[in-house]
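The values are calculated or read from the model by the stated rules, or taken from the named source; none is laboratory data. Model, not experiment: these values are computed from the prediction. Glycine gets a Cβ as well: all are built from the backbone with ideal geometry, and neighbour counts include every protein chain shown.
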């Protein structure tokens, strides 16, 4: 069976971090190593991590200075973890897993997903699920990425908002697929999106070039179902999609035009297929 390593970021996570790491360490299919990036915690998180390090031999900790909370640093921290694997010459793996400080995974979580991905090489990205909704797009937490795809096409994550969606779309562009394995389960210990009011949900749809009809359809789906981000989250998302002004460069900038055109093309085709079904 394929092997994997885990990247997890945290900040001021004293209430959650120990259980989150232990749920990764206690998997029936254990990770080759777990890399945790502490983004400047000012609570007891560093002490908890140091204690865990004494018990878990394959736990690596990157500690950042306290620069205040900033969600834009998450992807930069992921890339720091990847650079650590190169600098430390850690064992190469078949997959990487994105963990978080607020998720608990069932013990067979990794085993279920890697078994599926080993048997289905067309899938580059797969996650499990945390509720009973039948999602088709992998979640950020608990996401497994096939390294043969990632290292060839990207090597590092783009340090722009919408990076999680960009990797999914890039997989499609390179003739891979993605899915959610609903029988692999995890749970959130914090409410989804409570720190950012879904600003990036909407703004990144602009930077990625989402088709307006597709964005509107996503809004109505989330608003009517009241899931997964709730009705207020759906309103925030649509507002930021409509009024966000992308920057010329940096984290808030637009993705390349060829990728934006590709995104609109696949979304337009999806809209057409839905309309055909409704008209039958």
Q. When you go through (1) farther than 26 Å from residue 105 by Cβ; (2) surrounded by fewer than 17 Cβ atoms within 10 Å (Cβ to Cβ) one by one for residue 190, which number turns out not to apply?
A. (1)
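Right, residue 164: under 24 Å from residue 101 (Cα atoms), without any contact (Cβ under 8 Å) to a residue 40 or more places away in the chain and either buried (at least 20 other Cβ atoms within 10 Å of the Cβ) or in contact with a strand residue (DSSP E or B) (Cβ under 9 Å, 6 or more places away or on another chain) (or both) or not?
When the stated conditions are applied, residue 164 passes them.
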Q.
What pairs come out if I take residues in the stretch 259-271 that are assigned by TED's automatic domain parsing to the domain that holds residue 209 and pair them with residues that are part of a helix (DSSP H, G or I) whose C-beta lies under 6 Å away, six or more apart or interchain?
A. 262/173; 263/169; 267/214; 271/213
Q) Restricting attention to the stretch 138-159, which residues are surrounded by fewer than 15 Cβ atoms within 10 Å (Cβ to Cβ) and not in a loop (DSSP other than H, G, I, E, B)? A) 148, 151, 152, 153
Q. Conditions: (1) closer than 21 Å to residue 140 by Cα; (2) in contact with a helix residue (DSSP H, G or I) (Cβ under 9 Å, 6 or more places away or on another chain). Residue 232 meets all but one. Number of the miss?
A. (2)
Q: Confirm whether residue 118 is at pLDDT 95 or above and over 29 Å from residue 12 (Cα atoms).
A: yes
Q: Enumerate the strands (runs of 3 or more DSSP E) found wholly within the stretch 1-100, keeping only those where 1 or more residues are within 18 Å of the chain's Cα centre (by Cα), more than 25 Å from residue 124 (Cβ to Cβ) and in the same structural domain as residue 113 (by TED's automatic domain parsing).
A: 4-10, 34-39
Q. Which residues, counting only those in the stretch 31-69, are in contact (Cβ under 8 Å) with a residue 60 or more places away in the chain and either farther than 18 Å from residue 190 by Cα or buried (at least 16 other Cβ atoms within 10 Å of the Cβ) (or both)?
A. 31, 32, 34
Q | Subset of the stretch 207-227 [touching a residue at least 60 places away in the same chain (Cβ under 8 Å) and closer than 19 Å to residue 161 by Cβ] | A | 211
Q. Is there a residue in the stretch 200-219 that is touching a helix residue (DSSP H, G or I) at 6+ places or on another chain (Cβ under 9 Å), within 16 Å of residue 127 (Cβ to Cβ) and not in a helix (DSSP H, G or I)?
A. no
